[in-house]
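Read the structure below first, then the notes.
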Amino acid sequence: MESKSAEPRKVLVVGGGGREHALAWKIARSPLVSEVLCAPGNAGTRADGRNVAVAADDLDGIVRLAVEEECGLVVIGPEDPLCNGLADRLRARGLAVFGPNADGARLEGSKLFAKELLERHRIPTGAWRRFDRAGAAKSYLETLSVWPQVIKADGLAAGKGVFVCADVREACGVVDTLMEEKKLGAAGDQIVVEEFLVGQEVSVQAITDGRALLILEPVVDHKQVGEGDTGPNTGGMGIYSPVPFLTQRLMRQIEQRVMIPILHALRVEEIDYRGVLYAGLMVTEAGPRVLEFNCRFGDPETQATVRRLSSDLVPYLLAAAENRLGAEEPPEWDPRACIGVVAAAEGYPGPYRKGDPIRGLEEAGACEDVVVFHAGTRTEGDAAVTNGGRVLCVTALGDELEDARTLAYGAVDKIHWNGMFCRSDIGRPRRRGPIFDEGADDAVEVAHGGSVEPGEGADGAPIA
Ligand code: AMP
Ligand code: GLY
């Protein structure tokens, strides 16, 4: 597919984690791109572009860099700079930006904003109540007879703001921690108490220019640190795609009840949203329910997305940035399955070790159909050393999920550093709840990818 602006351009990727390495890797393979810059990048992005030592939250530095380097596209990875208005500032300088302005980023930056928007537009989500006083929250919790309940801090908390509470005592403890002790600062000034949802979790991401939607292949991210989906939540310990339990009928429901309505909701609110709409969903017995919206690509979901996307990603990023996504043809997807195993540093998701030299990267990267994406790494001399909790994401493609698993774990076995650990069951989820739709139709192999105008389904039928 040809982009309208065929002149090769410099692309700046903002961020330095696994998602940004995956984006830089994919973008660097585009004939539309002359060079990829990463700010700040990591030890892995050096292979796909030029790292520039500007932090993702240094908004002045990023704007200066993008202007001075005359970047033809800026792709913003993490949520913090989006919520702090980086996209607004870059757009004010006339740059093409992939990522929503601060008003759209509130979808992720404020759980209350998101919940209120979902409610106003009747988008299915768990029942909830908001509180801005600890006393009122605790009185409410004491009236509840159904447990567990979920407590969420309103503001951004780097994945540490959601608490699944088994009983009233635990829940009141969380309220005190957030609202009295202010453990998460202003992020916990207001809280949401939400119904606990049972089902299968899945991430559905779409690229949008605010008018058209390009729904990407769904991905499952194993959020919990322990085998069998147990233990504390993390940023994500591994991914798989495609998602066998997502039937075509379920994908259609998600498109029609969640993705198209949220885009419509943003338009009604007069929010010009250009970037990724990421729905974290629980597929329950009663259908899909939104757990959260994110305003950016998932990490590590993106690592699977770029491995499975056969088409060039850049035309879609540019078209979204330039409000002309509706004119793009749907992309092609590799029908093979992808598994991504996150290798983490000892201690993660708590305080973790840093600075350990990583061995075996070349051997792992040379394995058939394997790409090793760096996340928390930096270079010391010529060597890569650990520099984050999630250090690498080792991805592999295979005809079936099991084939991809074998290849991915074969590559993981070649990598070593002191304190390295990973889950051994990525791609083999614990059956948490009922599987819906069993036998209703075939599992989605190549799911969506068409552009859909709000108000229409994929086949042009009106939304129910
Ligand atoms: P969130 O940041 O809102 O997606 O929450 C982080 C994780 O907590 C999710 O990925 C789920 O695994 C879990 N979670 C959040 N809300 C709920 C809920 N209402 N019911 C069950 N689990 C939840
Ligand atoms: N993998 C979860 C997230 O990106 O929020």
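Please treat every number below as a calculation from the coordinates, not as lab data. Not measured: the values here are computed from a predicted model. Because the Cβ atoms are built from the backbone with ideal geometry, glycine has one as well, and the counts that use them run over all protein chains shown.
Observations
- Computed over neighbours whose Cβ is under 10 Å from that of Pro300, the net charge equals -1, Lys and Arg +1, Asp and Glu -1.
- What the phi angles of the stretch 42-58 give under the Karplus curve with 6.51, -1.76 and 1.60, with θ = phi - 60°, is a coupling list of 8, 5, x, 5, 4, 6, 10, x, 10, 7, 10, 7, 10, 6, 5, 9, 8 Hz, glycine and proline written as x.
- Scattering curve values for the stretch 218-288, log₁₀ I(q)/I(0), Debye with Cα scatterers, q = 0.12, 0.13, 0.16, 0.21 Å⁻¹: -0.44, -0.52, -0.74, -1.02
- Nearby lysines by direct alpha-carbon distance to Lys152 (threshold 30 angstrom, same-chain neighbours under 8 apart not counted): Lys111, Lys115, Lys138, Lys160, Lys182, Lys183, Lys223, Lys354
- Remark: the stretch 300-410 carries a charge dipole of roughly 580 debye about the Cα centre, counting +1 on each Lys and Arg Cβ and -1 on each Asp and Glu Cβ.
- Gyration tensor verdict on the stretch 52-178 (Cα atoms; rounded if a/c is under 1.5, prolate if a/b is larger than b/c, oblate otherwise): prolate
- Restricting the calculation to alpha carbons of the stretch 277-434 gives Rg and Dmax of 17.7, 55 angstrom.
- One compactness figure for the stretch 234-354 is 1.22, namely its Cα radius of gyration divided by 2.2 N^0.38 Å.
- About the centre of its Cα atoms, the stretch 247-320 shows a dipole size close to 260 debye [charges on the beta carbon of Lys, Arg (+1) and Asp, Glu (-1) only; nearest 20 debye].
- Sum of side-chain charges, Glu380 neighbourhood, beta-carbon under 15 Å (Lys, Arg +1; Asp, Glu -1): +3
- When each of the peptides 35-41, 18-24, 413-419, 69-75 is scored by the mean number of other C-beta atoms lying within 10 Å of its residues, the order from highest to lowest reads 18-24, 35-41, 69-75, 413-419.
- Dipole of the chain computed with +1 at Lys/Arg Cβ and -1 at Asp/Glu Cβ about the Cα centre; of Gly350, Cys172, Ile27, farthest Cα towards the positive end is Cys172.
- Convex hull volume per residue, computed on the Cα atoms of the stretch 164-212, equals 145 Å³.
- Taking Cβ atoms as reference points and 10 Å as the exclusive limit, the residues near Pro124 contribute a net charge of +3, counting Lys and Arg as +1 and Asp and Glu as -1.
- Shape class of the chain from the Cα gyration tensor (axes a ≥ b ≥ c, square roots of the eigenvalues): rounded, since a/c falls below 1.5.
- Helix-derived mean residue ellipticity, 222 nm - over the chain, DSSP H n ≥ 4, -39500 (n - 2.57), to 500: -7000 deg cm²/dmol
- Debye intensity ratio in log₁₀ form over the Cα atoms of the stretch 144-251, taken at each q of 0.10, 0.23 Å⁻¹: -0.40, -1.23
- Projected area averaged over orientations for the stretch 7-117, convex hull of C-alpha atoms, nm²: 6.8
- Three-way shape label, the stretch 308-357, alpha-carbon gyration tensor, a/c 1.5: prolate
- Considering the stretch 179-300 at the alpha-carbon level, its Rg and Dmax are found to be 15.7, 46 Å.
- Taking only alpha carbon atoms, the stretch 259-330 gives an Rg to Rh ratio of 0.99, where Rh is the Kirkwood radius.
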